[in-house]
Each structure stands twice: as C-alpha cells, then as structure tokens.
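Bear in mind these aren't lab numbers, they're just calculated from the coordinates by the rules spelled out. This structure is a prediction, so every number in the text was calculated from the model and none was measured. Virtual Cβ from ideal backbone geometry, glycine too; neighbours counted across all protein chains shown.
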Amino acid sequence: MKPAALALAGVALLTLPYWIGGPYYVNIASQILIWAVFALGLNVLVGYGGLVSLGHAGLFGTAAYAAAWLVAAGAGQLAAATGAIGLTLLMSALFAVLALRATGIGFLMITLALGQILWGIAYRWISLTNGDNGINLSARPMPLGLSLASPAAFYFATLVIFALAVGMMACFVASPFGASLRGTRDQPRRMSALGYDVWLIRFLAVLFSGFWTGIAGLLFCYYDQFVSPHLLTLSSSAEVLLMVISGGSGTLLGPIAGAALVVAMKTIASAYIERWNLVLGAIFVAIIVLMPEGLVPGSRRLWRWALQRRGTPAEGVAR
Amino acid sequence: MSQWVVLAVNSVSLGGLLFLLSAGFSLIFGLMRIPNLTHGSLFMLGAYVGVTGLRLGLDFWSAALLSGLAMAVLGGAMERLLLRRLQGQELPQVLLTLGLSFIVADLCLMEWTGDPISVSTPATLRGFVPVLGFVFPVYRLAIVLIAAAIAAALWLMLDRTRLGAMIRAGVDDPAIARVMGIPVSRLFTAVFCLGAGLAGFAGMLGAPILSVYPGLDGEMLPLALIVVILGGSGSLPGALVGSFVIGVLYNFGPALFPELAYVVLFLPMLLVLVLRPQGLFGRQTP
C-alpha cells in the first residue's frame with residue numbers, strides 16, 4: 001500500500017507540468033516545493049527537537065539576500081550559492097549559540113528577536129541591502145549548462161532538490177542522530193544523564209535545519225529573481241511555522257501537506273481578497289484551538305469523536 | 001548641543017510610553033509564563049479606538065481612557081475565551097496570540113485604512129516650557145509625569161495591597177500559590193485586563209508623537225520584548241529600567257549609527273542574554 005502510494009505520488013510529481021494545465025500552476029507547484037523544503041527544515045527543530053523558532057524567515061532571507069547580493073557584486077552563480085549557504089550556516093550557528101541558552105518559550109522569544117534584527121538590517125541598512133527596493137537577481141543559474149528560465153525547467157530543478165531534502169529528512173529521522181534529537185526533546189535530563197551532550201545535539205540540529213532553510217531561501221531567490229525585506233518579516237516566519245503545525249509537526253509528510261495547504265490558501269485567498277494575513281491568523285487560531293496536533297491526525301480524531309459521540313480528552317497535544 | 005537635549009527628552013518620553021506598554025507585558029509574562037504577542041496589536045488598536053473616540057467628539061483624555069478600557073475588556077475576553085482553553089500549554093498559547101495579532105492587524109487595516117493618522121496634541125499641553133535655558137515640549141514632559149504616576153501606582157498596588165501580594169506570589173511560584181488558596185486563574189484574567197488596558201492607554205497617549213499607522217504593532221512588540229528580556233520577566237523595576245534604556249537607544253541609535261539603528265537596539269538584549277539570561281532584575285527560574 002505505502003510503496004504504491006509513494007510511487008503514485010512520484011509519478012504525479014514527475015509529470016506535473018504536463019497535466020496541470022498552464023505555467024501559472026507549474027509556478028505554484030514550484031512555490032509549494034520551495035516552501036515544503038523550508039517547512040521540512042523548520043520541522044527538524046519544531047517537530048523533532050521541540051524547539052519552536054519564530055526567526056527562521058531571517059535565515060531564509062539571509063540565504064536569498066546573500067545569493068542576490070553576491071551575484072549583483074559580480075560573483076559567479078556557484079560561488080554565490082556556496083557563499084550564501086556558508087553565510088546561512090554561520091548565521092544559524094549564531095542563532096543557536098544565542099537561542100540555545102533557553103528552551104521552550106525562551107527559545108521562541110530569542111529567535112523572534114534575532115529574526116527581527118535581520119529584518120531590520122534588510123530594511124534599514126540601505127547601502128548594503130537597498131532597503132525596501134530590494135535586490136534583483138539578473139538571471140537564474142544554469143546548472144550543468146541547463147537553462148532554468150522556463151517554469152517547467154525550474155519546476156524540475158526544484159523537484160530534484162525537494163526529493164533530496166525529503167530523502168535526507170527520512171535518513172535523518174531514522175538515524176541515531178535523529179533518535180538522539182527526539183530524546184533531547186522528550187527527556188533532556190535523562191539524555192544528559194545517559195552521557196549525551198544535549199546542547200551539542202541541539203546545536204547540530206539548528207545547523208541542519210538552517211542548512212535546508214538556506215537551500216529553500218536560495219531556491220526562492222532563483223524563483224522570484226528578486227529579494228526584499230518582506231521575506232524576513234515575522235509573518236513569513238509565522239507562515240512557515242503554520243505549515244509545519246497545520247500539517248502535523250514531527251512527521252515527514254506533515255510539513256509538505258502544510259506547505260501545499262498554506263500556499264494554495266494564500267494563492268486562492270489573494271485572488272479574491274487582499275486580506276491574506278486575516279486568513280492566516282484565523283487558520284492559525286482555528287488549528288491551535290481545535291486541532292493542535294495538525295490537520296491529518298486532528299481530522300482523524302474529530303472523526304472518531306463524532307463516531308463515539310462522547311469526547312475523550314485530547315491525547316496528542318502540540319508540543 | 002541642543003540636538004542632543006532634544007534627543008534626550010525624546011528618549012525619556014519614549015521610555016515612559018514603553019514602560020506603560022511593557023509593564024503589563026512583563027506582568028503577563030511573569031505570571032502566565034507566555035509572551036503575549038498581541039501586546040503590540042493592543043497598543044495599535046488602542047490608538048485607533050482613541051482616534052475614533054476623538055472623531056466622535058470626545059476630548060483627548062476621555063478618548064485615552066476609552067482606549068484603555070476597551071483594550072482591557074478585549075484582553076480579558078481573549079484570556080477568558082481563548083487562552084483559557086489552552087491552560088498549561090504555553091506554546092499553543094503563544095502561537096494563539098500570534099495568530100490573533102495578525103487578525104487584529106488586518107482588521108485595523110480594513111477599518112482605519114493604510115494611511116497614517118496623526119493625532120493632535122491636547123490643546124492644554126501644546127507649546128513649550130523653558131527649563132534651564134532649554135525649551136521642552138510640554139506634552140512629552142506630561143507623558144513622563146503620567147508614566148511616573150502610573151509606575152508609582154503599580155508599585156504601590158504590587159507592593160502594598162493584597163492583590164499585589166497575590167500577583168507576586170503567582171509570579172514567584174504559581175503551583176504553591178494555588179495550593180495556598182490564591183485564585184491564580186482569576187489573577188490571570190485580572191493581570192491580562194490590566195496589561196491590555198495599559199497597552200491601549202499607552203497607544204493613545206503615544207499617538208500625538210508617534211501617530212497611528214499599520215505596522216505600529218510590529219514596531220512596538222519587539223521593543224516590549226527587548227525591554228522584558230533586559231529587565232527580567234515579572235519585574236516592575238526591570239520594566240522601568242529596560243524601558244528607559246531602550247528609549248535612549250531608540251533615539252540616539254539612529255542619530256549616531258543611522259543604518260545600524262536596529263542592531264544597536266538589540267545589542268544590549270544579546271549581552272544580557274549571554275551574561276545574565278534571567279534579565280537584570282529577573283529571578284532565576286527554578
């Protein structure tokens with residue numbers, strides 16, 4: 001059953017530009033994949049590490065800005081991409097050193113503040129970042145000499161990266177490192193009594209998460225060919241967190257489903273109303289109050305509840 | 001020379017406003033263990049409600065009181081109807097306040113449009129007073145006096161009354177406070193109302209100098225956050241000292257380092273986090 005479903009999904013994704021009907025939808029599919037990579041990256045911390053970050057848009061933006069800035073400064077695409085990921089990793093290390101002085105709410109507050117600093121730099125340090133006007137990226141890179149200018153070509157390139165991200169996440173979840181990260185989430189004191197360096201495990205998790213966040217930022221920079229301070233706002237951080245939580249944090253498919261849901265909602269909502277933030281906030285509140293464990297397990301629970309007619313106390317609350 | 005004096009006066013008056021905003025934020029954080037991410041929204045919404053009050057013909061002070069009351073009611077309702085459902089789950093509570101802040105921001109944009117609204121200074125407080133050879137704007141001095149009066153009242157309330165003693169007990173150890181028969185959950189509502197009311201009042205009080213515009217919430221919330229990280233959660237003196245430090249940095253930062261103003265603003269917070277994570281006046285949490 002499961003391999004069949006996976007194969008079906010793979011075929012659907014591989015042939016998507018041929019059946020979805022139009023470059024507009026192909027572009028939306030690329031966006032979903034990019035955000036899914038971002039959400040997978042954040043899920044490492046939120047789902048497996050129990051560390052909720054509200055500053056990840058800062059890391060995402062760091063990668064996007066660094067790539068656009070380096071290309072604008074005359075660097076080659078490969079050098080710019082490497083530099084951008086390197087800088088994002090450095091920034092993640094800085095985030096980790098500062099934010100890992102706390103866990104839980106403290107971690108959330110510190111990452112929020114750090115994210116706001118990075119937003120402030122993008123917005124106010126005009127001689128470096130061009131402020132509100134942002135930076136244009138002259139052209140998409142041409143890996144192996146292939147042009148990514150068309151929506152379908154870009155979609156396939158994104159799909160490759162996305163598949164790599166999913167594969168690496170699956171390895172990570174199954175690996176001893178993944179298990180020890182889940183251990184630090186559930187029983188940090190026992191883990192440290194067992195001789196694990198809890199801080200180091202969390203630090204590496206932040207780096208791993210930052211790496212994929214950076215990759216997503218890079219992809220987004222290539223997709224849009226434009227970066228602006230808007231990428232780094234608190235509402236971007238909240239959006240990606242919503243993807244993780246709405247789909248179901250701590251699962252592999254949850255963030256992907258969440259990314260598809262949020263991007264689709266955003267696209268549909270913005271076609272009819274301008275008030276995306278209102279919709280975002282409302283879904284956020286609804287999900288947290290009604291289905292804190294995410295849509296898929298949550299709807300299952302509601303279904304069971306409806307069948308039994310007698311509410312059993314919610315078991316799986318959001319961590 | 002006079003430019004620095006102007007900056008100093010602006011710093012102190014902004015410090016006063018920030019104190020009104022962050023005192024409530026700090027108490028809520030201290031008692032309920034959550035940063036209320038709607039606090040900036042309450043500040044902005046308070047200012048907008050005050051603007052509507054002015055348009056309906058209220059005078060400035062009644063409008064400011066109206067903002068405070070309206071936000072207190074809204075804050076109380078938020079706590080009773082939504083946060084209460086997630087009692088004990090701190091993370092969902094924080095995310096809930098985040099979601100609410102987006103909703104409030106968008107509703108404000110719908111109702112009061114995206115154009116900045118300037119509020120004129122109340123007639124009796126216009127003009128300048130000469131002090132020691134400098135001229136100071138009366139309204140800014142008035143803000144400082146009002147903030148000082150409210151700080152004193154809050155301190156008296158916390159230090160000398162039964163309610164204050166219960167709040168302090170709740171901040172120090174909610175579990176034991178509950179065991180001792182203190183109605184901690186009712187305190188949550190009371191403190192939330194108080195904090196929200198102060199934020200709304202501060203919003204209207206600040207309107208003549210800051211004006212009211214979309215994004216004001218996102219501007220004020222990080223400031224309240226830094227103040228509380230600096231001063232320590234649940235500590236009134238911490239909020240007071242933190243507010244003035246941030247008031248000074250917010251005004252002198254852009255003058256000294258125009259492009260790095262935001263970084264300068266957050267630097268002391270980072271220092272405190274590294275050297276004294278519980279904040280200048282905070283207590284080590286068990």
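Values as computed for the structure displayed
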read-out: Proxy reagent accessibility, fewest Cβ within 10 Å first, across B:Trp155, B:Trp4, A:Trp119; value: B:Trp4, B:Trp155, A:Trp119
read-out: Debye, to nearest 20: dipole size of the stretch B:2-275, +1 on Lys, Arg Cβ, -1 on Asp, Glu Cβ; value: 660 debye
read-out: Dipole magnitude of chain A, debye to nearest 20 (Cβ charges: Lys/Arg +1, Asp/Glu -1, about Cα centre); value: 900 debye
read-out: Peptides A:188-196, B:218-226 ordered by average Cβ neighbours within 10 Å, highest first; value: B:218-226, A:188-196
read-out: Taking N as its residue count, the alpha carbon Rg of the stretch B:135-286 over 2.2 N^0.38 Å; value: 1.16
read-out: Average other protein chain Cβ within 10 Å of Cβ, residues A:95-106; value: 3
read-out: Between the stretch B:26-88 and the stretch A:129-175, the Cα center-to-center distance that results, in Å; value: 43 Å
read-out: Proportion of all alpha-carbon pairs of the stretch B:2-275 beyond 23 Å (%); value: 52 percent
read-out: Karplus (6.51, -1.76, 1.60) ³J(HN,Hα), θ = phi - 60°, over the stretch A:182-192, in Hz, Gly and Pro reported as x; value: 5, x, 5, 6, 8, 9, x, 6, 5, 4, 6
read-out: Rg ratio (alpha-carbon, reference 2.2 N^0.38 Å) - the stretch A:210-268; value: 1.15
read-out: Sequence of B:Phe128, A:Phe172 once ranked by neighbouring C-beta atoms within 10 Å, starting from the fewest; value: B:Phe128, A:Phe172
read-out: Shielding of B:257-268 by partner chains, average beta-carbon count, 10 Å; value: 4
read-out: Peptide-level mean, for A:273-282, of C-beta atoms on other protein chains within 10 Å; value: 5
read-out: Distance histogram for the stretch B:1-113 (every C-alpha pair counted, 10 angstrom bins, percent rounded to whole numbers); value: 13, 36, 31, 16, 3, 0
read-out: Cα convex hull of the stretch A:1-135 - mean projected area over all directions, nm²; value: 11.1 nm²
read-out: Value of D in µm² per second that Stokes-Einstein yields for the stretch A:21-233, Kirkwood Rh from Cα pairs, at 37 °C (0.692 mPa s); value: 186 µm²/s
read-out: Rounded to whole Hz, the Karplus (6.51, -1.76, 1.60) HN-Hα couplings of the stretch A:58-71, x for glycine and proline; value: x, 5, 4, x, 4, 5, 4, 5, 4, 5, 4, 5, 5, 5
read-out: Helical segments meeting 30 Å axial Cα length and Kyte-Doolittle -1.0 threshold in chain B (DSSP H); value: B:2-32, B:60-81, B:90-112, B:138-160, B:184-210
read-out: Options A:Ser192, A:Leu232, A:Leu207, ranked by Cα towards positive dipole end of the stretch A:166-319, top entry (Cβ charges); value: A:Ser192
read-out: Per-residue [θ]222 nm for the protein assembly as shown (sum of -39500 (n - 2.57) over DSSP H runs n ≥ 4, rounded to 500); value: -24500 deg cm²/dmol
read-out: Taking A:Trp212, A:Trp199 and counting other C-beta atoms within 10 Å, the order from fewest to most; value: A:Trp199, A:Trp212
read-out: At q = 0.07, 0.09, 0.12 Å⁻¹, base-10 log of I(q)/I(0) for the protein assembly as shown (Debye sum, equal scatterers on each alpha carbon); value: -0.44, -0.74, -1.28
read-out: Magnitude of the charge dipole, the protein assembly as shown, Cβ model with Lys/Arg +1 and Asp/Glu -1, debye to 20; value: 1520 debye
